[in-house]
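Structure first, commentary second.
The values are calculated or read from the model by the stated rules, or taken from the named source; none is laboratory data. Because the structure is a prediction, the values reported are computed rather than measured. Cβ placement follows ideal geometry from the backbone for every residue including glycine, while neighbour counts extend to all protein chains displayed. For the accessible areas, the whole protein counts, side chains as well, though only heavy atoms, and no ligand, DNA or RNA atoms are used. Shrake-Rupley method; radii C 1.70, N 1.55, O 1.52, S 1.80 Å.
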Amino acid sequence: MTTDSDTPWLTDQEQCAWRTHLDVSRLLMHQLERDLQPFGLTNNDYEILVNLSEAEDRRLRMSDLAASTLQSKSRLSHQITRMENAGLVRRESCESDRRGLYAVLTDEGWDTMRRVAPHHVASVRKHFIDLFAAEDLQALRTSLAPVAAHLRKERGGL
């Protein structure tokens, strides 16, 4: 590896923190995905179900859903098609904008969300929340909040 003396390389402590973060992020998302598999869902499916279940009238404009799930409009469109085929969501035209579409949570999608959510929460607790003392969770949130704010600003205020 060629080194540039002007590059502020990570210290051993910084590199350890960074790599631990990467490791935990990958392992946790993999585990949560595995725990959703018995329900026929992926992490992306579940995130979309959550967003729609929390939205007014259980529907969101596709562009807003793409932004909130950090997916391109094209990728989200493919995802929604798969979820439509499973009966979890449907698309509706936007009355005020003929080009706009809504993703709408179906009754089956709502029932799926209500059935899966307790299992997902138990998985999050088992593999993340319950591994921390309350004060450590607060410290983690406090530590990560500026990173989240910075990245939202970089993306345009999500």
For this session: Report, by residue number, each residue of the stretch 16-44 that is more than 12 Å from HIS127 (Cβ to Cβ), surrounded by 11 or more Cβ atoms within 10 Å (Cβ to Cβ) and under 15 Å from the mean Cα position of the chain (by Cα).
Result: LEU36, LEU41, THR42, ASN43, ASN44
Problem set entry | Meets criteria (farther than 24 Å from ARG61 by Cβ, part of a helix (DSSP H, G or I) and polar (S, T, N, Q)) for SER123 | yes
Seminar exercise, completed: Of LEU10, LEU27, the only residue that is over 22 Å from ASP107 (Cβ atoms), in contact with a helix residue (DSSP H, G or I) (Cβ under 7 Å, 6 or more places away or on another chain) and not hydroxyl-bearing (Ser, Thr, Tyr) is LEU10
For this session: Name the one entry in ALA134, ALA103, ALA122 that is farther than 23 Å from ASP35 by Cβ, modelled with pLDDT of 95 or more and open to solvent by 50 Å² or more (accessible area, probe 1.4 Å).
Result: ALA134
Problem set entry | Qualifying residue in the stretch 64-81 (condition: modelled with pLDDT of 95 or more and over 26 Å from GLY156 (Cβ atoms)) | yes
For this session: For residues that are without any contact (Cβ under 8 Å) to a residue 12 or more places away in the chain and open to solvent by less than 60 Å² (accessible area, probe 1.4 Å), tally how many sit in the stretch 45-54.
Result: 0
